[in-house]
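Structure first, then comments.
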């Protein structure tokens with residue numbers, strides 16, 4: 001019996017646990033995410049310079065900066081969530097992945113020129 | 001002896017920690033460390049730019065619409081190579097290693113094109129736009145812009161170069177039959193690195209080229 005258990009353990013496939021296999025379902029999502037990333041990139045390029053598509057005006061600087069940051073964060077989330085499979089990852093890995101964002105938040109708060 | 005026993009009690013390279021393979025956990029740990037390094041670079045860029053009287057140029061004016069469009073094309077190529085990388089894993093899960101090998105080739109070529117365009121861009125900037133990089137010439141704006149630009153894009157380019165080599169090794173492994181349909185963990189870990197490179201470029205492109 002003990003030998004049987006040991007044999008089972010030896011043949012245990014660590015990847016059997018990646019329950020997100022879901023990949024067949026994710027397969028279509030890959031292409032939707034790809035399309036979303038391309039559209040967001042096109043919007044990003046136009047926002048600072050609308051003249052690129054023949055528009056004869058400029059967006060306010062505050063709108064340009066804030067909208068570009070929001071779009072970049074959404075694109076980052078799309079890549080991490082779908083392409084890096086955080087969508088189906090264990091909470092421990094999601095927590096590990098969040099560390100740099102917390103670090104960046106502290107950096108931004110600490111370095112922002114609060115006194116203009 | 002006790003140390004040896006403790007080491008033997010721990011999970012091996014292909015086994016699990018925190019419910020995932022050690023390889024994946026190792027890659028995530030590395031990526032987190034790497035992301036913090038990039039965060040430091042971006043924070044330095046922001047701090048220098050925010051400094052009072054920094055005379056920082058507006059990137060869209062410095063690079064010009066054509067320069068931004070070229071970099072947008074590069075972003076497009078990197079995103080495409082990212083989607084080709086997920087197709088490698090998807091095809092491997094389906095057991096279709098021939099298709100997986102082809103998608104991996106597409107991923108490698110995408111990375112090479114990205115590096116080629118970046119090399120072209122650097123050459124143009126150094127030789128034509130920013131002569132102070134290699135001569136004593138002075139320029140009207142804060143030269144920290146060029147310094148931080150080359151640091152950020154260069155460090156990212158280094159990551160792309162490593163990723164291309166990494167993916168090419170996997171391509172050879174698939175071609176020679178050393179990586180089979182059951183070795184999904186290897187591809188997934190390589191994919192994590194490659195998508196991370198894409199993710200970082202999204203931020204670099206926004207902060208250095210567009211804002």
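Rule-based calculations on the coordinates, nothing more; no lab input. Bear in mind that the values here come from a model prediction, so they are computed numbers and not experimental data. When we count neighbours, we look across all protein chains shown, and the Cβ atoms used for this are built from the backbone with ideal geometry, even at glycine.
Here are the numbers for the structure shown:
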| read-out | value |
| --- | --- |
| Listed residues B:179, B:169, B:189, most fluctuating in chain B (Gaussian network, C-alpha, under 10 Å) | B:169 |
| Base-10 log of normalised Debye intensity for the range B:89-211 (one unit scatterer per alpha-carbon) at q = 0.16, 0.17, 0.20 Å⁻¹ | -0.80, -0.86, -1.06 |
| Chain B: most fluctuating residue of B:20, B:83, B:162 per GNM, C-alpha cutoff 10 Å | B:20 |
| Sorted by Cβ density within 10 Å, fewest first, the residues A:114, A:34, B:201 | A:114, A:34, B:201 |
| Convex hull volume per residue in cubic angstrom - Cα atoms of chain B | 167 Å³ |
| Peptide B:187-200, shielding by other chains (average Cβ, 10 Å cutoff) | 3 |
| Between the range B:21-64 and the range B:161-180, the alpha-carbon center distance in angstrom | 29 Å |
| Burial ordering of B:165, A:93, B:79, fewest other beta-carbon atoms within 10 Å first | B:165, A:93, B:79 |
| Principal-axis tilt of helix B:59-93 within chain B, Cα atoms, nearest 10 degrees | 10 degrees |
| Rounded FRET efficiency, nearest 0.05, which uses the C-beta distance separating residue A:61 from residue B:183 and R0 of 51 Å | 0.50 |
| Ranked B:130, B:122, criterion: other C-beta atoms within 10 Å, fewest first | B:122, B:130 |
